[in-house]
1. Identify all residues within segment 246-272 that are within 32 Å of the chain's Cα centre (by Cα), without any contact (Cβ under 8 Å) to a residue 60 or more places away in the chain and part of a loop (DSSP other than H, G, I, E, B); write none if there are none.
2. Would you pick out the residues in segment 175-213 that are in contact (Cβ under 8 Å) with a residue 12 or more places away in the chain, assigned to a loop (DSSP other than H, G, I, E, B) and within 25 Å of residue 228 (Cα to Cα)?
3. Could you tell me whether segment 205-216 includes any residue that is surrounded by fewer than 19 Cβ atoms within 10 Å (Cβ to Cβ) and more than 30 Å from residue 164 (Cα to Cα)?
4. When you scan segment 135-154, how many residues do you find that are crowded, with 17+ Cβ neighbours inside 10 Å and in contact (Cβ under 8 Å) with a residue 40 or more places away in the chain?
5. Which one of these does residue 95 not meet: (1) closer than 25 Å to residue 49 by Cβ; (2) surrounded by 15 or more Cβ atoms within 10 Å (Cβ to Cβ); (3) without any contact (Cβ under 8 Å) to a residue 12 or more places away in the chain?
6. Check 250, 237 and return the single one that is under 28 Å from residue 195 (Cβ atoms), surrounded by fewer than 16 Cβ atoms within 10 Å (Cβ to Cβ) and not assigned by TED's automatic domain parsing to the domain that holds residue 186.
7. Of the residues 57, 102, which single one is surrounded by 17 or more Cβ atoms within 10 Å (Cβ to Cβ), farther than 23 Å from residue 23 by Cβ and in contact (Cβ under 8 Å) with a residue 12 or more places away in the chain?
8. Could you tell me which of the residues 70, 8, 43 is touching a strand residue (DSSP E or B) at 6+ places or on another chain (Cβ under 8 Å), in contact (Cβ under 8 Å) with a residue 40 or more places away in the chain, surrounded by 12 or more Cβ atoms within 10 Å (Cβ to Cβ) and within 16 Å of residue 103 (Cα to Cα)?
């Protein structure tokens with residue numbers, strides 16, 4: 001034990017769906033003509049007995065009826081090009097983890113180390129530039145990287161023991177200029193105004209210096225992803241550019257302002273913001289008694305509406321109460337700090353084709369009585385509704401690219417639809433508007 005063994009697993013031709021799809025995508029999306037594509041799952045395995053390894057090759061790493069398995073190397077035809085892709089350090093390798101658990105089912109006292117990669121073989125004559133474009137199409141730089149074809153001597157990773165959590169010594173006594181320098185050095189997503197507020201809180205209330213962990217936690221918690229900071233920012237200046245749609249947009253905005261005066265008469269705590277714009281129609285409908293079929297809870301940006309649905313069971317029709325879920329959501333902050341993964345968020349959560357789900361407003365449905373989630377390709381956001389009159393939700397609209405424009409004509413750095421659909425993380429979207437920042441609240 002201790003020797004690293006390598007195997008490649010490839011679907012047999014009738015079952016090589018991914019390879020065939022990638023071949024078509026390279027031709028249709030990238031405009032590159034190849035003679036074919038082969039896709040291999042590469043396993044590097046260490047610390048496993050010869051007997052168990054032999055069993056695992058037939059039962060864990062491959063299924064003999066549908067897979068071909070190659071040990072140590074694969075034959076590369078003349079003119080073909082090969083590259084392999086592995087997860088970045090720290091990314092969870094689900095395939096490797098599942099394989100490890102299955103190997104331990106074979107012999108529970110085995111403690112193997114397994115790493116995986118995907119190896120692509122491009123058949124036919126292509127240029128270096130075309131090969132680079134194919135790599136860019138297949139590799140998501142957020143979670144993966146290209147790896148070489150040399151088998152490592154060991155898979156065991158030695159991690160240094162982390163040091164103690166650093167305290168921000170002298171944090172409360174820093175002048176504004178010194179604090180600004182610290183703020184810039186930490187690359188925080190929060191604003192400097194937030195950082196000043198944190199300094200004041202720890203100096204006056206906690207009477208101690210914070211740790212770097214506390215600063216990072218606050219930076220995460222105060223992000224748009226957790227707190228809808230951008231959607232809740234007060235809009236003090238709203239401008240309308242010249243164009244065909246200026247009149248209807250401006251008219252709709254004026255109507256919104258009039259409705260605000262009606263709904264929030266005498267309330268100084270309500271101000272114009274993107275969240276308020278998104279929810280105003282629901283509030284008005286609720287006040288006018290036209291949204292009585294909406295469940296009410298403490299949520300401020302989501303709702304569920306009761307809808308009668310006629311169902312047929314074994315030829316018998318009956319009417320059931322279903323809940324249709326709506327969610328008004330923004331993911332600006334993660335997109336700002338990590339654009340690729342951020343933009344892919346809701347595509348992954350919607351569990352479907354980026355174009356089928358990504359180009360529509362999300363609607364979620366679940367049967368009230370049976371508790372099932374029957375919406376096609378939706379993510380159940382919860383059965384919550386607003387506490388105030390009509391504080392219901394809107395939806396999300398994501399546009400990945402112009403559907404009629406080939407991928408190789410996109411802006412440099414854009415991910416392919418396939419990678420967007422596969423991307424990890426829970427982030428996405430963009431917001432905007434001419435706005436002046438409002439204080440972001442207390443701890």
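1. If the condition is that a residue be within 32 Å of the chain's Cα centre (by Cα), without any contact (Cβ under 8 Å) to a residue 60 or more places away in the chain and part of a loop (DSSP other than H, G, I, E, B), then 270, 272 are the ones that fit.
2. 188, 189, 190, 191, 210
3. no
4. Taking segment 135-154 and keeping what is crowded, with 17+ Cβ neighbours inside 10 Å, we get 136-140, 142-144, 147.
If we keep only those that are in contact (Cβ under 8 Å) with a residue 40 or more places away in the chain as well, we get 137-140, 142-144, 147.
Matching residues across segment 135-154 total 8.
5. Result: residue 95 fails condition (3) only.
6. Working: 250 fails: under 28 Å from residue 195 (Cβ atoms).
Exactly one of 250, 237 is under 28 Å from residue 195 (Cβ atoms), surrounded by fewer than 16 Cβ atoms within 10 Å (Cβ to Cβ) and not assigned by TED's automatic domain parsing to the domain that holds residue 186, namely 237.
7. On the way: 102 fails: surrounded by 17 or more Cβ atoms within 10 Å (Cβ to Cβ).
57 is the lone residue from the list that is surrounded by 17 or more Cβ atoms within 10 Å (Cβ to Cβ), farther than 23 Å from residue 23 by Cβ and in contact (Cβ under 8 Å) with a residue 12 or more places away in the chain.
8. On the way: 70 fails: within 16 Å of residue 103 (Cα to Cα); 8 fails: within 16 Å of residue 103 (Cα to Cα).
Just a single option satisfies the conditions, and that option is 43.
The values are calculated or read from the model by the stated rules, or taken from the named source; none is laboratory data. All figures in this text were calculated on a predicted structure; none of them were measured in a lab. Every residue, glycine among them, receives a Cβ derived from its backbone with ideal geometry; neighbour counts consider all protein chains shown.
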